1. How charged is the neighbourhood of Tyr71? Take every other residue with its Cβ under 9 Å from the Cβ of Tyr71, and add Lys/Arg as +1 and Asp/Glu as -1.
2. How far apart, in nanometres, would the label points at Asp208 and Glu157 be if each is projected 7 angstrom from Cα along the Cα-to-Cβ direction?
3. According to the square roots a ≥ b ≥ c of the eigenvalues of the Cα gyration tensor, what is the shape class of the chain, taking rounded for a/c under 1.5, prolate for a/b larger than b/c otherwise, and oblate for the remainder?
4. With a 1.4 Å probe and all protein chains left in place, how much of the accessible area of region 1-106 comes from carbon and sulfur atoms, in whole percent?
5. Can you give the extra length, in nm with one decimal, that the chain gains between Thr134 and Ser112 once fully stretched, where that is 0.36 nm per residue apart less the Cα-Cα distance?
6. How big is the charge dipole of the chain about its Cα centre, in debye rounded to the nearest 20, if each Lys and Arg gets +1 on its Cβ and each Asp and Glu gets -1 on its Cβ?
7. Might you tell me the accessible area per residue for region 136-247, computed with a 1.4 Å probe and given in Å²?
8. Calculate, for Asn58 and Leu86, the FRET efficiency according to 1/(1 + (r/R0)^6) with r their C-beta to C-beta distance and R0 35 Å; round to the nearest 0.05.
Amino acid sequence: HRDLHSFPTRRSSDLLRALATAQVAASEIQIGTARTQEAIIHMQAATKTFEQLINAPNTSAAMICEAASAYGTLGDELGQTGTASLHDGVAALSAFRRSIELDDRALRIDPSFVRALRGIAINEMKIGSVEMETDPAEALKDFRVASRSAGSMPAIEQKTLSTIRMRSMIVRKEANALVQLGEYPEAIALYSEIVPSYRKLAATDQQDLRALADLQVVLNDEAAAFESASDPVLRASAQDGLHNLTAAANALT
(Lines give C-alpha, C1' and ligand atoms only; values in the text may rest on other atoms or scores of the structure.)
Protein backbone atom coordinates (compact mmCIF):
# COMPACT_ATOMS: atom_id res chain seq x y z
CA HIS A 1 0.00 0.00 0.00
CA ARG A 2 2.77 2.46 0.93
CA ASP A 3 4.57 1.82 -2.36
CA LEU A 4 1.65 2.44 -4.71
CA HIS A 5 2.82 5.97 -5.48
CA SER A 6 5.83 4.48 -7.31
CA PHE A 7 3.58 2.98 -10.03
CA PRO A 8 2.24 4.85 -13.04
CA THR A 9 -1.01 6.67 -12.26
CA ARG A 10 -3.39 4.24 -13.98
CA ARG A 11 -1.78 1.18 -12.45
CA SER A 12 -1.71 2.84 -9.05
CA SER A 13 -5.44 3.53 -9.32
CA ASP A 14 -6.18 -0.06 -10.35
CA LEU A 15 -4.19 -1.42 -7.43
CA LEU A 16 -5.86 0.92 -4.96
CA ARG A 17 -9.26 -0.14 -6.30
CA ALA A 18 -8.34 -3.81 -5.85
CA LEU A 19 -7.09 -3.10 -2.34
CA ALA A 20 -10.29 -1.25 -1.38
CA THR A 21 -12.42 -4.09 -2.76
CA ALA A 22 -10.46 -6.64 -0.71
CA GLN A 23 -10.74 -4.52 2.44
CA VAL A 24 -14.50 -4.16 2.03
CA ALA A 25 -14.90 -7.90 1.39
CA ALA A 26 -12.84 -8.78 4.48
CA SER A 27 -14.93 -6.42 6.60
CA GLU A 28 -18.22 -7.84 5.33
CA ILE A 29 -17.09 -11.40 6.08
CA GLN A 30 -16.03 -10.42 9.59
CA ILE A 31 -19.23 -8.54 10.44
CA GLY A 32 -21.15 -11.56 9.16
CA THR A 33 -19.41 -13.70 11.77
CA ALA A 34 -19.86 -11.10 14.56
CA ARG A 35 -16.16 -10.11 14.57
CA THR A 36 -17.17 -6.48 14.76
CA GLN A 37 -13.90 -4.92 15.90
CA GLU A 38 -11.95 -6.59 13.10
CA ALA A 39 -14.65 -5.66 10.59
CA ILE A 40 -14.41 -2.01 11.56
CA ILE A 41 -10.62 -1.99 11.23
CA HIS A 42 -10.90 -3.29 7.66
CA MET A 43 -13.73 -0.94 6.70
CA GLN A 44 -11.88 2.05 8.12
CA ALA A 45 -8.90 1.01 6.02
CA ALA A 46 -11.21 0.74 3.00
CA THR A 47 -12.51 4.27 3.49
CA LYS A 48 -8.94 5.59 3.66
CA THR A 49 -8.11 3.78 0.43
CA PHE A 50 -11.22 5.16 -1.24
CA GLU A 51 -10.31 8.67 -0.07
CA GLN A 52 -7.05 8.32 -2.02
CA LEU A 53 -8.96 7.15 -5.08
CA ILE A 54 -11.54 9.93 -5.07
CA ASN A 55 -8.92 12.63 -4.53
CA ALA A 56 -7.55 11.88 -7.99
CA PRO A 57 -8.54 14.29 -10.80
CA ASN A 58 -11.59 13.43 -12.95
CA THR A 59 -12.94 10.92 -10.42
CA SER A 60 -16.14 9.29 -11.71
CA ALA A 61 -19.51 9.46 -9.98
CA ALA A 62 -19.44 5.66 -9.74
CA MET A 63 -16.14 5.66 -7.85
CA ILE A 64 -17.35 8.34 -5.46
CA CYS A 65 -20.49 6.28 -4.79
CA GLU A 66 -18.34 3.25 -3.99
CA ALA A 67 -16.56 5.35 -1.38
CA ALA A 68 -19.94 6.53 -0.06
CA SER A 69 -21.10 2.93 0.22
CA ALA A 70 -18.02 2.02 2.28
CA TYR A 71 -18.77 4.84 4.71
CA GLY A 72 -22.40 3.71 4.93
CA THR A 73 -21.32 0.18 5.82
CA LEU A 74 -18.80 1.54 8.32
CA GLY A 75 -21.66 3.42 9.97
CA ASP A 76 -23.64 0.20 10.22
CA GLU A 77 -20.73 -1.55 11.89
CA LEU A 78 -20.13 1.33 14.29
CA GLY A 79 -23.62 1.93 15.53
CA GLN A 80 -26.59 0.81 13.47
CA THR A 81 -29.42 -0.69 15.51
CA GLY A 82 -30.41 -4.31 15.00
CA THR A 83 -26.92 -5.39 13.90
CA ALA A 84 -23.74 -6.69 15.54
CA SER A 85 -22.44 -3.13 15.79
CA LEU A 86 -20.41 -1.36 18.49
CA HIS A 87 -23.49 0.75 19.31
CA ASP A 88 -21.38 3.90 18.96
CA GLY A 89 -24.09 6.23 17.71
CA VAL A 90 -21.89 9.32 17.47
CA ALA A 91 -19.30 7.61 15.27
CA ALA A 92 -22.02 5.97 13.18
CA LEU A 93 -23.72 9.31 12.49
CA SER A 94 -20.40 10.79 11.38
CA ALA A 95 -19.89 7.93 8.89
CA PHE A 96 -23.43 8.18 7.54
CA ARG A 97 -23.09 11.94 7.05
CA ARG A 98 -19.80 11.48 5.20
CA SER A 99 -21.55 8.96 2.95
CA ILE A 100 -24.25 11.54 2.16
CA GLU A 101 -21.60 14.18 1.42
CA LEU A 102 -19.99 11.86 -1.11
CA ASP A 103 -23.28 10.94 -2.76
CA ASP A 104 -24.04 14.67 -3.06
CA ARG A 105 -20.64 15.10 -4.71
CA ALA A 106 -21.45 12.30 -7.17
CA LEU A 107 -24.74 14.01 -8.04
CA ARG A 108 -22.90 17.22 -8.88
CA ILE A 109 -21.11 15.18 -11.55
CA ASP A 110 -24.22 13.27 -12.68
CA PRO A 111 -27.53 14.64 -11.28
CA SER A 112 -29.44 11.56 -12.43
CA PHE A 113 -27.11 8.96 -10.89
CA VAL A 114 -29.63 6.62 -9.25
CA ARG A 115 -27.14 4.93 -6.94
CA ALA A 116 -26.31 8.27 -5.33
CA LEU A 117 -29.98 9.25 -5.01
CA ARG A 118 -30.73 5.92 -3.34
CA GLY A 119 -27.68 6.17 -1.09
CA ILE A 120 -28.75 9.56 0.25
CA ALA A 121 -32.25 8.31 1.13
CA ILE A 122 -30.90 5.17 2.80
CA ASN A 123 -28.33 7.03 4.88
CA GLU A 124 -30.86 9.63 5.99
CA MET A 125 -33.03 6.73 7.13
CA LYS A 126 -30.07 5.17 8.95
CA ILE A 127 -29.38 8.48 10.72
CA GLY A 128 -32.98 8.53 11.89
CA SER A 129 -32.70 4.93 13.11
CA VAL A 130 -29.70 5.81 15.30
CA GLU A 131 -31.43 8.94 16.62
CA MET A 132 -34.54 6.93 17.53
CA GLU A 133 -32.60 5.51 20.49
CA THR A 134 -32.43 8.90 22.22
CA ASP A 135 -34.41 11.51 20.26
CA PRO A 136 -37.51 10.30 18.37
CA ALA A 137 -38.50 13.88 17.48
CA GLU A 138 -35.21 14.43 15.64
CA ALA A 139 -35.46 10.95 14.14
CA LEU A 140 -38.90 11.81 12.76
CA LYS A 141 -37.43 14.81 10.94
CA ASP A 142 -34.74 12.66 9.33
CA PHE A 143 -37.21 9.96 8.30
CA ARG A 144 -39.29 12.62 6.58
CA VAL A 145 -36.21 13.99 4.83
CA ALA A 146 -35.38 10.42 3.73
CA SER A 147 -38.94 10.00 2.44
CA ARG A 148 -38.64 13.15 0.34
CA SER A 149 -35.28 11.99 -1.01
CA ALA A 150 -36.74 8.63 -1.99
CA GLY A 151 -39.67 10.41 -3.63
CA SER A 152 -37.30 12.46 -5.77
CA MET A 153 -35.97 9.40 -7.59
CA PRO A 154 -36.93 8.97 -11.27
CA ALA A 155 -40.46 7.74 -11.95
CA ILE A 156 -39.26 4.50 -13.52
CA GLU A 157 -37.15 3.78 -10.44
CA GLN A 158 -40.14 4.36 -8.15
CA LYS A 159 -41.75 1.23 -9.61
CA THR A 160 -38.90 -1.15 -8.82
CA LEU A 161 -39.30 -3.59 -5.95
CA SER A 162 -36.15 -2.33 -4.24
CA THR A 163 -37.40 1.27 -4.20
CA ILE A 164 -40.90 0.26 -3.09
CA ARG A 165 -39.34 -1.71 -0.24
CA MET A 166 -37.05 1.18 0.72
CA ARG A 167 -39.88 3.73 0.76
CA SER A 168 -42.11 1.39 2.76
CA MET A 169 -39.32 0.89 5.30
CA ILE A 170 -38.81 4.64 5.66
CA VAL A 171 -42.53 5.23 6.23
CA ARG A 172 -42.66 2.38 8.76
CA LYS A 173 -39.84 3.98 10.72
CA GLU A 174 -41.60 7.36 10.49
CA ALA A 175 -44.70 5.72 11.98
CA ASN A 176 -42.60 4.15 14.74
CA ALA A 177 -41.22 7.59 15.65
CA LEU A 178 -44.76 8.97 15.81
CA VAL A 179 -45.71 6.17 18.21
CA GLN A 180 -42.77 7.09 20.44
CA LEU A 181 -44.03 10.67 20.42
CA GLY A 182 -47.60 9.61 21.29
CA GLU A 183 -49.00 10.67 17.93
CA TYR A 184 -51.05 7.49 17.56
CA PRO A 185 -53.72 8.46 14.98
CA GLU A 186 -51.06 9.76 12.57
CA ALA A 187 -48.89 6.69 13.14
CA ILE A 188 -51.78 4.27 12.62
CA ALA A 189 -52.73 6.07 9.40
CA LEU A 190 -49.20 5.51 8.09
CA TYR A 191 -49.26 1.82 8.99
CA SER A 192 -52.59 1.49 7.17
CA GLU A 193 -50.97 3.11 4.15
CA ILE A 194 -47.94 0.82 3.94
CA VAL A 195 -49.18 -2.58 5.17
CA PRO A 196 -50.78 -3.26 1.74
CA SER A 197 -47.42 -2.53 0.08
CA TYR A 198 -45.71 -5.04 2.36
CA ARG A 199 -48.42 -7.61 1.64
CA LYS A 200 -48.00 -7.04 -2.10
CA LEU A 201 -44.23 -7.50 -1.87
CA ALA A 202 -44.67 -10.72 0.10
CA ALA A 203 -47.26 -12.03 -2.39
CA THR A 204 -45.05 -11.28 -5.39
CA ASP A 205 -42.74 -14.18 -4.54
CA GLN A 206 -43.80 -16.75 -1.94
CA GLN A 207 -40.17 -17.84 -1.60
CA ASP A 208 -38.97 -14.34 -0.72
CA LEU A 209 -38.35 -14.85 2.99
CA ARG A 210 -37.10 -11.29 3.44
CA ALA A 211 -40.44 -9.91 2.21
CA LEU A 212 -42.30 -12.18 4.61
CA ALA A 213 -40.03 -11.06 7.46
CA ASP A 214 -40.62 -7.41 6.52
CA LEU A 215 -44.39 -8.00 6.61
CA GLN A 216 -44.13 -9.62 10.03
CA VAL A 217 -42.13 -6.66 11.35
CA VAL A 218 -44.60 -4.02 10.13
CA LEU A 219 -47.58 -5.97 11.51
CA ASN A 220 -45.86 -6.25 14.89
CA ASP A 221 -45.12 -2.52 14.84
CA GLU A 222 -48.73 -1.76 13.88
CA ALA A 223 -50.00 -3.98 16.70
CA ALA A 224 -47.75 -2.21 19.21
CA ALA A 225 -49.12 1.16 18.06
CA PHE A 226 -52.72 -0.03 18.54
CA GLU A 227 -51.86 -1.41 21.99
CA SER A 228 -50.27 1.88 23.07
CA ALA A 229 -53.24 3.85 21.69
CA SER A 230 -55.61 1.69 23.79
CA ASP A 231 -54.01 2.67 27.11
CA PRO A 232 -56.54 4.67 29.22
CA VAL A 233 -53.62 6.44 30.91
CA LEU A 234 -52.96 7.97 27.50
CA ARG A 235 -56.57 9.26 27.38
CA ALA A 236 -58.05 6.48 25.25
CA SER A 237 -61.79 6.12 25.86
CA ALA A 238 -63.22 2.69 26.71
CA GLN A 239 -64.71 2.41 23.22
CA ASP A 240 -61.51 3.50 21.50
CA GLY A 241 -59.49 1.22 23.75
CA LEU A 242 -61.55 -1.83 22.79
CA HIS A 243 -61.37 -0.92 19.10
CA ASN A 244 -57.60 -0.53 19.25
CA LEU A 245 -57.05 -3.75 21.19
CA THR A 246 -59.14 -5.64 18.63
CA ALA A 247 -57.08 -4.10 15.80
CA ALA A 248 -53.87 -5.06 17.64
CA ALA A 249 -55.08 -8.65 18.00
CA ASN A 250 -55.94 -8.80 14.30
CA ALA A 251 -52.49 -7.57 13.33
CA LEU A 252 -50.79 -10.07 15.63
CA THR A 253 -52.95 -12.90 14.28
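1. Combined, the nearby Lys, Arg, Asp and Glu give +1.
2. Result: 1.9 nm between the two label points.
3. Values: a/c = 2.43, a/b = 2.14, b/c = 1.14.
The shape class here is prolate.
4. On the way: 2940 of 5470 Å².
Summing carbon and sulfur atoms, their accessible area is 54 percent of the total for region 1-106.
5. On the way: separation 22, 0.36 × 22 = 7.92 nm, distance 3.49 nm.
The span from Thr134 to Ser112 would gain 4.4 nm if fully extended.
6. Working: 25 positive and 32 negative charges, 185 e Å.
Value, rounded to 20: 880 debye.
7. Details: 6150 Å² over 112 residues.
Using a 1.4 Å probe on heavy atoms only, each residue of region 136-247 averages 55 Å².
8. Working: r = 36 Å, r/R0 = 1.04.
The value I calculate is 0.45.
The values are calculated or read from the model by the stated rules, or taken from the named source; none is laboratory data. This structure is a prediction, so every number in the text was calculated from the model and none was measured. A quick note on method: Cβ atoms are made from the backbone with ideal geometry, for glycine too, and the neighbour counts reach across all protein chains shown. Each accessible area value is taken on the protein alone, full model and side chains, heavy atoms only, with ligands, DNA and RNA left out. Shrake-Rupley method; radii C 1.70, N 1.55, O 1.52, S 1.80 Å.
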